Amino acid sequence: MPRLHDDTRHDYLGRSGVHDVDTVVDAVVAHEACGPFIAGELARAVLGPDVDEGLTRRLGRDFVDAGLQLRPLVRAVLEAGLQGAATSLVQAPVPWLASMIRATAAPVTAALAALARGLQAAGQVPMDAPSVAGWPGGRAWLSSAATVARVDLAAALAGLTPTTSPAWSAASRGDVGALADALGRPGGFGEATAAALRDAAGGGRGAATTVLTVAMAAPDSVLV
């Protein structure tokens, strides 16, 4: 409320006269740490936590030189990924679930409540982060609770996947290579996952559901 606002000028991050939202933002974006911090956070989120520090420093300098324009930064990060700069990244539950829904073409409208409960069990509910810092990342999504919730979500999606879906077709045939392609793994599954999928393959809808569940919940589909 305006009547509760203290309009006294303060020194903040090396700038004087800071007294409202606009001047706070101006002080933050003018600070020398702002550009490198944003560039580094975005690079690690997209390219993985172990991205080369030299690359993040270069991205930070370019970001500052471009006047903190986000479009060139995003383009530079994506181009770095295409050039091989990406490292292993553990997908958080929400982006993992979104990618699996798209890959399976599962009609999830009627199951939104169940999926929301699954995401809550996994530890990531959209628009409900635990703090202003957002959700944890990396290995936090490999905890036992998150893993069990992910398997449950994968089973729910497998049960909703239409038989016309390429993912379902591959699972029902036990075609591990085609299933990897359908789930966005053009490099294929690792040998351990492939062996588990071959063991689970068989005739009937039940077997196909199991194969699809294992494929979606496997480490190969969680690590990108």
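The values are calculated or read from the model by the stated rules, or taken from the named source; none is laboratory data. Predicted model, so just to flag it, every value in this text is computed and none were measured. Note: ideal-geometry Cβ built from the backbone for every residue, glycine included; neighbour counts use all protein chains shown. In case anyone asks, the SASA skips ligands and DNA or RNA and just uses the protein heavy atoms, side chains included. Shrake-Rupley method; radii C 1.70, N 1.55, O 1.52, S 1.80 Å.
Just to confirm, what accessible area per residue do you get for the chain at 1.4 Å probe, in whole Å²?
Numbers: 12820 Å² over 224 residues.
So the chain comes to 57 Å² accessible per residue, rounded to a whole number.
Taken about its Cα centre, the chain carries a charge dipole of roughly 700 debye when the Cβ of each Lys and Arg holds +1 and the Cβ of each Asp and Glu holds -1. Of the residues 56, 30, 68, the one whose Cα sits farthest toward the positive end of the charge dipole of the stretch 4-71, with +1 on the Cβ of Lys and Arg and -1 on the Cβ of Asp and Glu, is 56. The calculated FRET efficiency for the pair residue 45 and residue 199, based on their C-beta separation and a Förster distance of 45 Å, comes to about 0.80.
Relative to the current alpha-carbon distance between residue 110 and residue 21, full extension at 0.36 nm per residue lengthens the span by 27.8 nm.
Once the other residues with Cβ under 14 Å from the Cβ of residue 39 are scored (Lys, Arg +1; Asp, Glu -1), what is the net sum? Neighbourhood net charge equals -1. In the chain, helices alone account for a calculated mean residue ellipticity at 222 nm of -17500 deg cm²/dmol, with every DSSP H run of four or more residues adding -39,500 (n - 2.57). Taking label points 7 Å from Cα along the Cα-to-Cβ direction, residue 33 and residue 132 give a separation of 1.5 nm. Placing pseudo-labels 7 Å out from each Cα toward the beta carbon at residue 52 and residue 13 gives an inter-label distance of 2.9 nm.
How big, in percent, is the set of alpha carbon pairs in the stretch 115-224 lying more than 15 Å apart?
Values: 3832 of 5995 pairs.
So the pairs more than 15 Å apart make up 64 percent of the total in the stretch 115-224.
Sparsely packed loop sites in the stretch 1-89 (the GluC sites (Glu not before Pro) outside DSSP H, G, I, E and B with at most 15 other Cβ atoms within 10 Å) comprise 32. What a 1.4 Å probe finds exposed on the stretch 65-224 is 60% carbon and sulfur by accessible area, rounded to a whole percent.
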